Amino acid sequence: MRGPRPTPRSTRVRARGATIAAFVALAPLLPAAAVAVGTLKVDAALPYVCTLPSGQQPATVRIRATVPDRATVGETIEAADAGTTLELPAAAVAELTALKAATVRAETLLTVGVGQNGESTDVAWRGTTQPSAVPADGPLTLTSTGDVPALTTGTAGDLTLTAGSLAVDLAPSTADGAPTSPASLSVSCVPGPDAAGRTGLAVIPVTPGAVTTPSPSTPTAPPSGPSFPPPPSSPSSPALPSGAPSAPTGRETASTTTGAPRDPASASGAAKGPRVAADGTPGTTAGRPKAPPCITEQPTSTSLSAYITGYSNVRKLDGASLIPVSCVQLEQGEPVIDFRPDGTLHLLQKSEGSLRYQGRKQSPPFSSTFLTFGFAPTTATLVLEQAGPLIVESDVLLVFPDNIAETYIRVPLVLRVLDVEVNGTRLDVGPDCRTVTPLASPEPQRAKYPGDHLVLLGKGQLLNGTDATGYVLTSGGPLTGEVTVPAFKGCGAGGENLDRLLTASISGPGNHIRQIQGQTCAVGVEVPTEGQCTADRQPYVVPKPER
């Protein structure tokens, strides 16, 4: 089973919230140049060779970023305005048109090599795209957004960034919005022969810097695995607990530490059992309630998967819509100890993931029936489409023996309408009826998380040695939030514009959401915990919706 590559002793990679934009364009190689005091601009267009089902094709990959022009030991190094652009030639477009594809979405993963003092590791720049029209001929340019890992290093010396392979997963759709057959195409790209000696993106000198005394908010040695250390001996002495491990040598993972998921709450014994138990024999798909497939294609030792379901009120229609059982796949981030100025000790973790249905980042289609304007029975077939990264941030206040967990889940979701029937008569809404912008929730950290997105909050309590109550990532539980449904666009066919009708019927604020997440399956560990995964490593627990 494939696992993460080891990280050198001197370099620690942490997932951070820097946003990237991935672009694909043909341009000459431009060297890194200073754009402002303290920064370097990277803008490089490189010749790649991409392998498609029909064979190998030349392509151009453009990589952009703004990085610090220098750093000190222990300082966080983050790339701003980073992007990767891929331009596929006309021969590649022909494969999509042969499938009768009208639009295409893409997920990208650019491997960036990070080297220092003869040691190296790889980090992943991930991205997703909005639907792009497939041209009749000529090249196809795809633009994606995602997250860039931040870096810290404990050793002085030049830190180099080097372009590596690019993996692209294409999800084409026909003109009516249906998936093509096959539903996805995998494209693997590597730097071509002409890129030899040109893949270096930046060199960042790292100097020792001044020696400082650690403050309560900057612990000297965050733990390498999920554990609940006892609190500091006193608020005025915020040292790490005795026996805490030294700084990790890399992304310490479940398979190399406890054999369990790296959720901050998992080591307390809180994630022992599922919140909603399924009937039947653990380890088989036949024994669990009906659920869509949820297989992680290329799991790592930090991969988790789970099912979610629930209800969302539609305030204007005075009713509730059942959100179907949906697959969520996650990659857990590294747990970090955080000493606060008030003397409290927190265990923080940031994970990222996505909805998955038939190779796409969306929920399964679902139907809802309401009385529109109080008298007309209306049935709509809907789908929630993910328009950006799904981010899970867990914060566990360690107050031995009673630990308080708070988890925020943020994800931009566009509501798409596939079909509508009013009083038994079909209303043709066309192939591209959707909300103008993603659903919007009140955001407690607007400066950190701009833009419209759904926000769900889960709160849990973890008493050492007992099961969790409330919500914890690995054991699941209830998540709640409130959302505004934006106006609709692109609704109608044959010259009939139904945007205003759907907007008047559905759009508006104050729609309460209650989601239930089931027990997670630790996909990539050597031996999954009994009762949490099926034989083919799908989540075993299928939760039941609660109002």
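Here are some pairs, K290/K350; K290/K361; K459/K544; K290/K489; which of them have Cα atoms lying more than 25 Å apart in this structure? Please list the in-between numbers first.
Values: K290/K350 30 Å; K290/K361 20 Å; K459/K544 19 Å; K290/K489 34 Å.
With Cα atoms farther than 25 Å apart: K290/K350; K290/K489.
At 1.4 Å probe size, what's the solvent-accessible area of D428? Round to the nearest 10 Å².
70
Based only on the alpha carbon positions, what is the Kirkwood hydrodynamic radius of region 382-446, in angstrom? Mind showing how you got there, number by number?
Numbers: mean 1/r = 0.0660 Å⁻¹.
Across region 382-446, the inverse of the average 1/r is 15.1 Å.
Can you tell me the order of 395-404, 98-107 when each peptide is scored by its average per-residue count of other Cβ atoms within 10 angstrom, highest first? Display every interim value, and only then the final one.
Values: 395-404: 16.9, 98-107: 19.4.
My ranking of the peptides, most packed first, is 98-107, 395-404.
With point charges of +1 on the Cβ of Lys and Arg and -1 on the Cβ of Asp and Glu, referenced to the Cα centre of region 72-128, which listed residue (N117, A79, A90) lies farthest in the positive direction of the dipole?
A90
Placing +1 at every Lys and Arg Cβ and -1 at every Asp and Glu Cβ, with all other atoms neutral, what dipole size does region 40-109 have around its Cα centre, in debye to the nearest 20? Intermediate results must be reported in sequence, preceding the final value.
Numbers: 6 positive and 8 negative charges, 45 e Å.
In debye, rounded to 20, region 40-109 gives about 220.
Determine the gain in length on full extension of the stretch L397-S186; use 0.36 nm per residue of separation and subtract their C-alpha separation, reporting nm with one decimal. Before the final figure, lay out each step's value.
Numbers: separation 211, 0.36 × 211 = 75.96 nm, distance 4.23 nm.
That works out to 71.7 nm of additional length.
How high is the relative contact order of region 376-417, given as a whole-number percent (alpha carbon pairs under 8 Å, six or more residues apart)?
Computed over region 376-417, the figure is 51 percent.
Can you tally the net charge around R198? Count Lys and Arg as +1, Asp and Glu as -1, for every other residue whose Cβ sits under 14 Å from the Cβ of R198. Before the final figure, lay out each step's value.
Values: positive: R62; negative: D43, D194.
Here the count lands on -1.
For region 353-435, report the accessible area per residue in Å² (1.4 Å probe, heavy atoms, rounded to an integer).
Working: 3220 Å² over 83 residues.
It amounts to 39 Å² per residue over region 353-435.
With every protein chain left in place and a probe of 1.4 Å, what is the accessible surface of Y311, to the nearest 10 Å²?
Using a 1.4 Å probe on the heavy atoms, I get roughly 50 Å².
At a 1.4 Å probe radius, which order do R360, R198, R537 fall into by accessible area, largest first?
In descending accessible area the options line up as R198, R537, R360.
Which of the listed residues, P438, L501, Q461, is farthest toward the dipole's positive end in region 410-520, when Lys, Arg count +1 and Asp, Glu count -1 at the beta-carbon?
Ranked along the dipole, the leading option is Q461.
Could you give the dipole magnitude of region 356-465 about its Cα centre, charging the beta-carbon of Lys and Arg +1 and that of Asp and Glu -1, in debye to the nearest 20? If you can, show how the numbers build up before the last one.
On the way: 10 positive and 11 negative charges, 38 e Å.
With Lys and Arg at +1 and Asp and Glu at -1, about 180 debye.
Full extension from A80 to D467: what is 0.36 nm times the residue separation minus their Cα-Cα distance, to one decimal in nm? Spell out each step's value before the answer.
Details: separation 387, 0.36 × 387 = 139.32 nm, distance 4.12 nm.
Full-extension gain reported as 135.2 nm.
Explain nothing, just the number: dipole magnitude of region 45-203 about its Cα centre with +1 on each Lys and Arg Cβ and -1 on each Asp and Glu Cβ, in debye rounded to the nearest 20.
With Lys and Arg at +1 and Asp and Glu at -1, about 240 debye.
The values are calculated or read from the model by the stated rules, or taken from the named source; none is laboratory data. Here the structure is a predicted model, which means the values were calculated and not measured. Positions of Cβ are backbone-derived with ideal geometry, glycine not excepted, and every protein chain shown enters the neighbour counts. To get the accessible areas, we keep the full protein, side chains included, count just its heavy atoms, and leave off ligands, DNA and RNA. Shrake-Rupley method; radii C 1.70, N 1.55, O 1.52, S 1.80 Å.
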